[in-house]
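Below: the structure, in structure tokens.
The values are calculated or read from the model by the stated rules, or taken from the named source; none is laboratory data. Source: prediction; values computed, not measured. Because the Cβ atoms are built from the backbone with ideal geometry, glycine has one as well, and the counts that use them run over all protein chains shown. The area values use the complete protein model at the heavy-atom level, side chains included, leaving out ligands, DNA and RNA. Shrake-Rupley method; radii C 1.70, N 1.55, O 1.52, S 1.80 Å.
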Amino acid sequence: RRVHGGMFVVVGALLSFGAPLSVPIAEREISQHINQHQVDKILRFREDGTFKIVQLADLHFGEGEDTLWGPMQDVKSIGVMTAVLAAEMPDLVVFSGDQLTGNNIISNSTAYWKQVVSVCVRLNLRWAIIFGNHDDAPLEASRTSNDSDDPKSRQTLMEYDRSFDLSLSQAGPDTIRGVGNYRLDVYPTNATGDGSDGIAPASLIYLMDSGGGTLDESVGADQVQWYRNISEALQRRWGRIIPAISFFHIPIPAYSQSWNNPSGKCFGDKLDPFIDSLDNGDSLLRAFDDQGEVIATFCGHDHGNDFCCTTDTMWFCFGRHSGYGGYGTFDRGARVTEISLSKSNSSISLRTWVRMENGTVIHD
């Protein structure tokens, strides 16, 4: 299924209690890898003109940590990540929010975070994160904590994530709402990646904080203006629109609107009874439409949904529930998106599919 939009082509279906059970193993593995990699921080297309992203959605580590089943969920989630990432070996992994069930975690958030990134570390894969509505959620009232310094805020979790050399995550400006509003550039294969050779990025990846947890679930007007400012500055610098994609955790209303549009083009599953979207996400969509850059958005949050739907100009895709934490008994997997660059470096196409834990590929 193809959507042609000016310079862009999007291809649809081508398109011990209280501590983590496996912490001793995970910490031993990671201690051998953290800050030991020679990491190229510049994202580039491969020699064949492709760039592959795996989205890991809603892992929910640390859920039920004082039970037998809780730590076992995390072990199984590591199994999902290992199976998918080893099969796909992407250029970038995006953790799209709710890496943790923070409202269950008493005092060891960073130990769980080590587990979240452990497979990327072991496989030497670069990653970027955004936060969801559970990562820094306040501890449930039914639980008590003697450790008031547990590093569970968005700021401290971001700082910890950035201590890994393979992390490309950024806190973003502290003058706007949220933590983790930033942009990653993907350059042509032979570009320096700093613009000194006059070669522009071939594609952009916008990552944004959609709130929840200690924040209200929304995208702020200041975040939307931040996006507009960056987009306009890039278009002035390079004299053209650079195609982009965007990740945020909670879907915007366009996801529901596109699914319910009788003339819409959709593929994939909608197994949740409704789409739990932001109330104010339309302002972000208007900004994307006005700037003309973003041709596909990706979110998580709704564990039973993994569909993609399109309007005339944009695709709206859910990830696949990747973790054994969180609600639902859906089969686990992850969304894979491959960006292909034209020979002229002036247009891209997207192919996306879901890689399941058992190795099968669906919605391709």
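Some observations on this one:
- Tally of residues being in contact with a helix residue (DSSP H, G or I) (Cβ under 9 Å, 6 or more places away or on another chain), open to solvent by 10 Å² or more (accessible area, probe 1.4 Å) and over 20 Å from G211 (Cβ atoms) across the stretch 247-298: 7
- In the stretch 207-246, of all residues being aliphatic (A, V, I, L, M) and within 25 Å of K152 (Cβ to Cβ), the one that is surrounded by the fewest Cβ atoms within 10 Å (Cβ to Cβ) corresponds to L215.
- Unique match (being at pLDDT 95 or above, touching an Asp or Glu at 6+ places or on another chain (Cβ under 8 Å), part of a loop (DSSP other than H, G, I, E, B) and of a type in the set (D, E)) among D165, D98: D98
- Residue in the stretch 296-309 that is farther than 24 Å from L92 by Cα and acidic (D, E) present: no
- Residues being in contact with a Ser or Thr (Cβ under 6 Å, 6 or more places away or on another chain) and among the β-branched types (V, I, T) - total across the stretch 173-215: 1
A quick yes/no check of all residues on (1) among the β-branched types (V, I, T); (2) in contact with a Phe, Trp or Tyr (Cβ under 8 Å, 6 or more places away or on another chain); (3) at pLDDT below 95; (4) more than 25 Å from W353 (Cα to Cα):
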| position | (1), (2), (3), (4) |
| --- | --- |
| P243 | no, yes, no, no |
| Y255 | no, yes, no, no |
| K265 | no, no, yes, no |
| T313 | yes, no, yes, no |
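- The set of residues from the stretch 147-199 being aliphatic (A, V, I, L, M), closer than 20 Å to Y112 by Cα and open to solvent by less than 10 Å² (accessible area, probe 1.4 Å) comprises L157, M158, L166.
- Among the residues making up the stretch 299-320, those that are assigned to a loop (DSSP other than H, G, I, E, B) and of a type in the set (S, T, N, Q) are T311, T313.
- Count - residues of the stretch 95-113 that are more than 20 Å from H249 (Cα to Cα), surrounded by fewer than 22 Cβ atoms within 10 Å (Cβ to Cβ) and either out of contact with any Ser or Thr (no Cβ under 7 Å at 6 or more places or on another chain) or not hydrophobic (A, V, I, L, M, F, W, C) (or both): 4
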